[in-house]
Amino acid sequence: MSDGCGAPAQTAIAADADTNGQVVVAGKVTGGEGPLGGAFVRLLDADGEFAGEVQASAEGDFRFYAAPGSWTVRALHRSGNGEASVSAEGPGLHQVAIAVA
Amino acid sequence: MSREDVLVTTQWAEDNLNTPGVVFAEVDEDTTAYDGGHIPGAVKIDWKNDLQDPVRRDFVDRAGFEALLSEKGIGNDDLVVLYGGNNNWFAAYAYWYFKLYGHDKVKLLDGGRKKWELDGRELSTDEVKRERTNYTAKDQDLSLRAFRDEVVDAINTKNLVDVRSPDEFSGKLLAPAHLPQESAQRAGHIPSAVNVPWSKAANEDGTFKSAEELAELYREAGLDTSKPTIAYCRIGERSSHTWFALHELIGLEDVKNYDGSWTEYGSLVGVPVETGAK
């Protein structure tokens with residue numbers, strides 16, 4: 001049992017596709033010059049309500065443990081913001097990319 | 001109480017990095033963020049290793065808190081400005097914890113580490129060494145802290161504010177969406193609790209909403225401000241954020257944080273649990 005609330009290391013690699021039956025929404029944040037590290041990525045539900053937030057890794061990777069449904073991921077960075085939508089039908093890895101401009 | 005009494009802006013912080021008598025402290029569960037770069041001059045407080053008893057599920061005792069602050073170089077007369085990641089969850093927890101042990105000169109950096117980073121302000125990796133102090137704490141102020149029996153008795157009598165996400169409240173998820181789903185034995189919420197996710201008290205950049213916006217938020221959720229209030233979440237840090245909004249920003253007098261929260265309540269034998277949305 002995890003007794004903390006900090007997020008685990010942010011990764012979204014293909015080899016990580018075994019999600020142990022969890023609904024994982026993961027991906028990469030990119031800027032004008034490729035992967036953008038350190039953005040604050042917010043997971044919003046179908047009504048636009050906040051569900052979670054992580055800080056992307058230095059390579060721009062992020063991941064959420066969600067429930068089935070439609071989600072929006074929104075990235076905030078000092079260089080700008082961006083968002084993208086993803087539909088997670090069930091357990092597994094649901095990948096989504098966010099471009100920040 | 002006004003916002004300026006309990007919060008400082010990132011600009012104020014930058015202007016006061018070298019002000020004598022002001023100590024910045026970063027509080028996180030995962031302190032690798034601090035090690036990768038922190039506000040210049042800020043000391044590090046590890047939410048788990050510094051603030052939790054290593055054996056029992058409880059806080060370090062008064063002597064332990066005194067030893068910690070003395071070792072960090074924090075004096076009784078210092079103004080401590082707390083900040084951290086996760087929208088200040090752990091910093092708000094530490095703020096409540098400092099108040100619990102009677103340190104009144106404490107403020108939160110509005111927006112925390114996120115706002116500091118989004119502003120593009122300087123982070124430093126320099127080691128911070130402050131001269132040891134001889135800190136003395138008070139006994140815990142238990143008017144700020146709720147335990148499980150009081151929480152069970154509060155069902156249908158006091159305000160119970162569940163500040164977790166709607167999916168955790170309804171029982172669909174057991175933990176926030178950035179964590180693997182493992183937690184208490186049962187999912188759901190304490191009967192009669194209203195669900196006002198902590199995030200509704202904050203703006204996107206991590207700063208707190210205004211006292212007026214906050215008062216409206218909890219009024220709309222059906223909080224009866226003439227009654228005492230207990231806030232809870234999963235492990236007590238998000239509810240510290242809401243405790244801060246209710247007690248320090250709106251100024252409600254009788255507000256407690258239930259730090260046992262759902263990881264305790266959801267594993268108790270025999271207590272009532274409700275599921276589903278409200």
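A few comments on the model shown:
- Shown is the FRET efficiency for A:Gln22 and B:Asn18, computed with R0 = 41 Å from the Cβ-Cβ distance and rounded to the nearest 0.05: 0.30.
- Extension reserve of the B:Asp149-B:Asn76 stretch, reckoned as 0.36 nm per residue once the Cα distance is removed: 23.0 nm
- Normalised convex hull volume, segment A:21-99, alpha-carbon set, Å³ per residue: 72 Å³
- Relative contact order (%) - criterion: Cα under 8 Å, at least six apart; region: segment B:3-118: 33 percent
- Cβ-placed point charges (K, R +1; D, E -1), dipole of chain B about Cα centre in debye, nearest 20: 560 debye
- Amide H within-cut-off set for B:His38, under 5 Å, with H built and near neighbours excluded: B:Ser124, B:Thr125
- Ordering B:Ala13, B:Pro40, A:Thr30 by the projection of their Cα atoms onto the charge dipole of the protein assembly as shown, which places +1 on the Cβ of Lys and Arg and -1 on the Cβ of Asp and Glu, puts A:Thr30 at the extreme positive end.
- For chain B, the share of DSSP beta bridges that are antiparallel, to the nearest 5, is 15%.
- The mean sequence separation of alpha-carbon pairs under 8 Å and at least six residues apart, normalised by the residue count of segment B:148-265, gives a relative contact order of 30 percent.
- Antiparallel %, DSSP beta bridges [both residues in the protein assembly as shown], to 5: 50 percent
- Between B:Arg121 and B:Lys44, the C-beta separation translates, for a Förster distance of 30 Å, into a calculated FRET efficiency of about 0.95.
- Fraction of antiparallel bridges per DSSP, segment B:155-278 only, in percent to nearest 5: 20 percent
- Candidates B:Thr263, B:Thr157, B:Thr229, ranked by Gaussian network fluctuation over chain B, Cα under 10 Å, top entry: B:Thr157
- The equivalent ellipsoid that matches the C-alpha gyration tensor of the protein assembly as shown spans semi-axes of 30, 27, 19 angstrom, in descending order.
- Taking every C-alpha pair closer than 8 Å and separated by at least 6 residues, the mean separation divided by the residue count of segment A:21-99 gives a relative contact order of 39 percent.
- Per-residue ellipticity at 222 nm computed for the protein assembly as shown from its helices equals -5500 deg cm²/dmol, with DSSP H segments shorter than 4 residues left out and the rest contributing -39,500 (n - 2.57).
- Placing unit charges on the Cβ atoms only, positive for Lys and Arg and negative for Asp and Glu, gives segment B:3-118 a dipole magnitude near 220 debye about its Cα centre.
None of the figures in this text is laboratory data; all of them are computed from the coordinates on show. Predicted model, so just to flag it, every value in this text is computed and none were measured. Note that we place each Cβ from the backbone using ideal geometry, even for glycine, and neighbour counts take in every protein chain shown.
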